[in-house]
Amino acid sequence: MELRHLRYYVAVAEELNYRRAAERVRVAQPALSKQIKDLEFDVGVRLLNRNTAGVELTDAGRIFLDEA
């Protein structure tokens with residue numbers, strides 16, 4: 001896990017929107033999405049639920065945000 005993964009996760013978790021989070025951390029949205037998937041793989045748990053309405057934190061995602 002790298003520090004940038006944490007920065008990216010916090011941005012997505014606070015914005016609950018990949019486009020706005022990508023603008024906030026100044027990376028392309030597809031790259032941000034890939035980094036979040038990599039982070040979820042590294043920690044071994046799904047942190048975000050993605051759907052057409054947006055993004056929601058899972059229970060593990062809420063705890064991870066508090067720790068991040």
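The values are calculated or read from the model by the stated rules, or taken from the named source; none is laboratory data. Please read these numbers as outputs of a predicted model, since none were measured by experiment. Cβ placement follows ideal geometry from the backbone for every residue including glycine, while neighbour counts extend to all protein chains displayed. All accessible areas refer to the heavy atoms of the entire protein, side chains included, with ligands and DNA or RNA removed. Shrake-Rupley method; radii C 1.70, N 1.55, O 1.52, S 1.80 Å.
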Exercise. Out of all the residues in region 53-68, which are among the hydrophobic types (A, V, I, L, M, F, W, C) and part of a helix (DSSP H, G or I)?
Worked result: Ala60, Ile63, Phe64, Leu65
Exercise. How many of the residues making up region 1-52 are part of a loop (DSSP other than H, G, I, E, B), free of Cβ contacts under 8 Å to residues at least 24 places away in the same chain and either open to solvent by 70 Å² or more (accessible area, probe 1.4 Å) or hydrophobic (A, V, I, L, M, F, W, C) (or both)?
Worked result: 7
